[in-house]
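Inspection log for the structure reproduced underneath, given as structure tokens.
Any read-out appearing in this document is the output of simple, stated calculations on the displayed coordinates, not a laboratory observation. Bear in mind the structure is a predicted one, so any value in this text is a computation, not a measurement. Here the Cβ is made from the backbone with ideal geometry for all residues, glycine too, and neighbour counts use every protein chain on show.
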Amino acid sequence: MKPSCTRFERLSALRAQELSDRETAFLEAHRLACETCRKREFGTRAALNFLQDAGLDHEGDDAFDRRLATLWSVEKRARRETPVWAPAIASAVMAALAVLAVLQVITHREELEPIDVRGHEARLASPDRPEFPLAR
Amino acid sequence: MPDVNSLALRATPEQIAEELRCLDRCRRGDTQATHALIARHRRRLVRVATNVLRDPCEAEDVAQEAFLKAFRELHKLRDDRAFAGFLYRICVRLCLDRLRGRRAEPAEFDRAQPSGGPQIETRVLVENLLGELPAELRMTLVLRELEQFSYEEIAQFMHVPVGTVRSRLHTAREKFRKAYEEALAGA
């Protein structure tokens, strides 16, 4: 692509009010001289006109405003009633409970009945049982 | 990055002054001021979200979420003149999240809204053509071609340099044109 075509493409994306007189003159001259750019610009314009014609004008209504204002006032009230440090207190209590539970397990470990796994080991090692029962 | 303070979405000095007063009162918990801010920005914000998402109900959800998030994070706003840009940036980010979360499937007739605006076939075709674009390209194209925002405003909303907006817009236009021409040839 020629540098002038690249420039044309860049400038043709701008609106008339965003262009200087010199740039407008360049666009007009290049449009006359370059058929490829002219055709591409025509195709782009047709596609964008189609897009603009299909623009949706939905803007919400007063009910939206009222709903939103209510939501915000409810949220604000809830925030005022819940102190900012409440989540920190809740987290601290949960952490303390977890630490206590761990300490309980550590200090009473010897009192806990050991789990006898010998039977399981014996069954797995037994010669009259296949090593992989599912493979049978 | 463009200067966010220079972007007040084409508001007059009186409107900007009124908005600054509203924001100040809103921070102090004034419900009327909150109402005024919503009323001032709702139309455009909902329309932008509708044209990006092509679904009015989803657009209202997003606009509502954007307002709530903006009010919650009002303390983060260093310059109140940038409120409009701040609000649109949140909305654009939420729309992009929704677009990325969508499954790629062609639009159907029952998803289009029944009344007002363009013909249903046109809407479905536009939705399918836009659906072929990645979320960022689709957003850039809609903000520029349907909502008529400047490159600087789009750069601010999408938190990217102006050069990125320019190149994304170029790619989006090309892809949209090709998809449109293919659709015409196939019809």
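Which ordering of A:Phe64, B:Phe149, A:Phe42 is given by a fewest-first count of other beta-carbon atoms within 10 Å?
The most exposed by this proxy come first: A:Phe42, A:Phe64, B:Phe149.
Say we join alpha carbon atoms closer than 10 Å with springs in a Gaussian network model of chain B; which of B:Pro13, B:Pro134, B:Pro161 then has the biggest fluctuation?
B:Pro13
For the stretch A:47-56, just list the computed ³J(HN,Hα) in residue order, Karplus coefficients 6.51, -1.76 and 1.60, θ = phi - 60°, integers in Hz, with x standing in for Gly and Pro.
Values, residue by residue: 5, 6, 5, 4, 4, 5, 5, 9, x, 9 Hz.
Other chains near B:172-179: what is the mean number of their Cβ atoms within 10 Å of each residue's Cβ?
4
Please state the relative contact order of the stretch B:14-101 as a whole percent: Cα pairs under 8 Å, 6+ residues apart?
27 percent
Tell me the relative contact order for the stretch B:123-180 as a rounded percent, counting alpha carbon contacts under 8 Å between residues six or more apart.
40 percent
May I ask you to evaluate 6.51 cos²θ - 1.76 cosθ + 1.60, the Karplus curve with θ = phi - 60°, for each residue of the stretch B:165-178 and list the ³J(HN,Hα) values in order in whole Hz, giving x for glycine and proline?
4, 4, 6, 5, 5, 4, 5, 4, 4, 4, 5, 5, 4, 5
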